Amino acid sequence: MGTAVISRILSDAGFRVGIIAQPDIISGKDITRLGSPRLFWGVTAGSVDSMVANYTATGKRRKLDDYTPGGINNRRPDRAVIVYTNLIKRHFKGSSTPIIIGGIEASLRRISHYDFKSDSIRRSILFDSKADLLVYGMGEKSAVSLASAMDAGAEYRDIRGICYISREKPDDYMELPSYEEVLNDRKKFIESFHAFYNNNDPVNARGLAQKHQNRYLIHNPPSHIMSEKELDRIYELDFERELHPFYKKNGHVRALDTIRFSISTHRGCYGECNFCAIAVHEGRTVQSRSIRSITREAKRIAGLPGFKGYIPDVGGPTANMYSFECRKKLEKGSCTDRRCLFPEICPHLKPDHSRQIELLTKIRQIDGIKKAFIASGLRYDLLFNDRRHCIKYLEEIVSHHVSGQMKVAPEHTRRNVLDLMGKPDTDSLLELKTIFDRLSKSVLKKQFLTYYLIAAHPGCNLDDMRKLKTFANEKLRIKPEQIQIFTPTPSTYSTLMYHTGLNPFTGKKIFVEKTLRGKEKQKAVIIGKS
């Protein structure tokens with residue numbers, strides 16, 4: 001989890017770190033427990049945006065929280081970054097110690113953004129929280145650089161991967177449409193988001209500035225990507241993989257069941273699904289660990305107390321993006337005029353699953369490991385573009401790495417909706433099903449594909465959902481169960497569509513279902529309740 005990673009890295013760099021998890025927001029008993037830090041306060045909402053964690057797609061308050069001891073959703077406040085920052089200011093009045101916000105909530109709300117809960121355009125969270133600095137993205141390099149600069153009393157406003165507020169705009173920074181402009185003009189909002197999205201690659205990104213009344217949000221270029229050696233070092237630090245004893249008395253944390261014995265092999269995603277924020281948080285460049293580092297971690301896991309031989313997941317945002325990237329992108333940065341996988345796979349990207357085959361083979365040969373599952377999901381269009389290794393890769397997975405069900409995420413099957421999602425056509429999906437079923441039968445295993453589907457995505461209407469249901473019944477031979485209603489989340493193109501009612505790539509109007517009844521009806525169509 002992000003807090004653990006950043007803390008371990010700072011500790012490894014020689015800094016002392018104290019963590020106050022989910023502090024009481026009424027009193028000062030928790031936030032004052034460790035006193036005032038020497039260098040800075042670091043504030044995060046946790047591993048999930050607090051508004052996503054607290055509310056369903058239909059606006060209902062969630063009763064359960066897998067990240068809270070005991071599982072009851074009673075510890076995470078709405079807009080947690082803002083609340084925690086104000087909590088510090090309330091109990092440490094007059095303190096000059098800087099407050100730095102980070103994590104996924106701060107990262108995805110770093111510029112003016114659409115907020116689903118309030119149905120409004122909100123300012124950068126740096127302005128609303130009144131914090132001193134914002135670290136965006138994965139944050140490891142920025143956090144250590146900031147701590148080192150502050151410790152030395154040096155200038156830190158030129159550090160990559162941070163945002164700050166200034167009265168002046170740096171001369172060479174690109175100016176986005178102001179908060180006031182995007183608040184009142186849908187086309188300015190689209191223009192702003194295009195510029196923001198296209199300046200998130202550390203190789204070619206420009207610094208950005210966005211005016212909020214008489215001050216600017218200054219958005220430095222992203223941190224440089226991690227080398228294999230740097231990534232190996234991070235994941236081989238001494239993580240506890242356990243709930244802190246201070247919080248253990250409050251109950252079990254369900255999220256630990258998933259991550260405790262799982263292995264991250266890589267980060268980043270060039271899939272760029274329009275409803276997903278990974279591109280502007282982890283980045284569009286896939287950064288992979290070495291096979292040697294991953295197998296060392298697997299051996300350590302095999303010797304941990306409580307390990308029963310099963311690794312829940314070996315993967316990343318998309319399992320089969322491990323260990324290959326576009327050489328042109330690595331040298332010149334992400335393209336602004338085309339995507340790696342959509343509407344078709346770019347010829348400069350050369351998918352190669354051989355390294356993951358080698359990795360999985362070595363992991364399952366480690367003493368003490370009975371099974372290592374692939375739970376991250378596969379990008380099947382990418383898989384079939386690797387004609388040399390795709391069948392061998394699927395044979396490896398089907399034979400050894402499926403826990404009865406394998407996740408795939410077509411999200412929809414209607415071409416008009418898939419285009420707005422940035423997802424591939426159904427041909428490769430059907431090819432995957434055919435091969436998966438055949439290979440499962442050949443190894444005498446009763447295994448299934450699990451399909452994740454979305455209802456009420458911008459551009460999707462009731463007729464599209466009826467046709468999706470027909471496709472699922474007739475082609476996939478399933479009665480869909482894994483259906484979620486689209487939730488607009490900050491910093492995604494789909495959220496931009498939801499707010500503006502426009503296709504941001506063509507400017508044309510699209511249908512957007514915004515009523516609660518309409519959204520629930522779309523979901524009901526496919527699960528057979530309408």
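Restricting to bridges with both residues inside the chain, how much of the DSSP beta-bridge set is antiparallel, in percent to the nearest 5?
Working: 19 of 41 bridges.
Among the beta bridges of the chain, antiparallel pairing accounts for roughly 45 percent.
How high is the FRET efficiency between LEU462 and ASP78 when r is their beta carbon distance and R₀ equals 30 Å, given to the nearest 0.05?
Approximately 0.40, to the nearest 0.05.
Taking Rh as the Kirkwood radius computed over C-alpha pairs, what is the Stokes-Einstein D of the range 171-275 at 20 °C in a medium of viscosity 1.002 mPa s, expressed in µm² per second? Intermediate results must be reported in sequence, preceding the final value.
Values: Rh = 17.9 Å.
For these conditions, the coefficient is 120 µm²/s.
Can you check how the C-alpha radius of gyration of the range 405-530 compares to 2.2 N^0.38 Å, as a plain ratio?
1.13
May I ask for the net charge around LYS350, where only other residues with Cβ less than 14 Å from the Cβ of LYS350 are counted and Lys, Arg are +1 while Asp, Glu are -1?
Values: positive: ARG327, LYS328, LYS329, ARG355, ARG387, ARG388; negative: GLU325, ASP352, ASP386.
Result for the local shell: +3.
Out of all DSSP beta bridges in the range 405-530, what portion is antiparallel? Express it as a percent rounded to 5.
On the way: 1 of 9 bridges.
In the range 405-530, approximately 10 percent of DSSP beta bridges are antiparallel ones.
Using mean Cβ contacts within 10 Å as the protection proxy, how do 227-235, 287-295, 13-21 order, highest first?
Values: 227-235: 15.8, 287-295: 19.8, 13-21: 13.3.
Per-residue mean Cβ counts within 10 Å order the peptides as 287-295, 227-235, 13-21.
Per Stokes-Einstein, at 20 °C and 1.002 mPa s, what whole-number D in µm² s⁻¹ belongs to the range 411-485, with the Kirkwood radius over Cα pairs as the hydrodynamic radius?
The estimated diffusion coefficient comes to 162 µm²/s.
For the modelled label position 7 Å from the Cα of VAL443 along Cα-to-Cβ, which residues of the range 377-406 have backbone nitrogen atoms closer than 12 Å?
Answer for this model: 392-406.
Between beta-carbons, use under 14 Å as the cut-off and find the net charge around ARG292, counting Lys and Arg +1, Asp and Glu -1.
+3
Using the eigenvalues of the Cα gyration tensor, what equivalent ellipsoid semi-axes result for the chain when each is taken as the square root of five times the eigenvalue, whole Å, largest first?
Semi-axes, largest first: 35, 29, 24 Å.
Between ARG517 and ARG355, what is the label-point separation in nm under the 7 Å Cα-to-beta-carbon projection?
Output for this residue pair reads 5.4 nm.
Just order 373-379, 254-260 by mean Cβ neighbour count inside 10 Å, highest at the front, would you?
Listed from highest to lowest mean packing, they are 373-379, 254-260.
Summarise the long-distance tail of P(r) for the range 261-403 by giving the % of C-alpha pairs beyond 29 Å.
17
Could you tell me, in Å, what Rg and Dmax come out for the Cα atoms of the range 194-254?
That works out to 19.7, 49 Å for Rg and Dmax.
Beyond a 30 Å Cα-Cα separation, which of these cross-linked pairs lie in this structure: LYS60/LYS467; LYS423/LYS508; LYS407/LYS519; LYS117/LYS521; LYS211/LYS509; LYS130/LYS169?
Values: LYS60/LYS467 28 Å; LYS423/LYS508 19 Å; LYS407/LYS519 24 Å; LYS117/LYS521 20 Å; LYS211/LYS509 28 Å; LYS130/LYS169 19 Å.
Going by Cα-Cα distance, every pair falls inside the 30 Å limit.
Stokes-Einstein D for the range 2-219 at 37 °C, 0.692 mPa s, Kirkwood Rh over Cα pairs, in µm²/s?
179
Using a 7 Å offset from Cα along Cα-Cβ at ARG186, what residues in the range 114-141 end up with backbone N under 18 Å from the label point?
Only 114-116, 119-122 fall inside the zone, counting backbone N under 18 Å.
Please check which bits of the range 5-34 a label hung off PHE246 would reach, taking the label as a point 7 Å along Cα-to-C-beta and the cut-off as backbone N under 15 Å.
It comes to 7-8, 16-25, 28-34, nothing else.
All of the numbers you see were taken from the coordinates with simple rules; none came from a lab. Since the model is a prediction, treat every value here as computed from it, not as a measurement. Cβ coordinates were reconstructed from backbone atoms using ideal geometry, including for glycine residues, and neighbour counts include every protein chain displayed.
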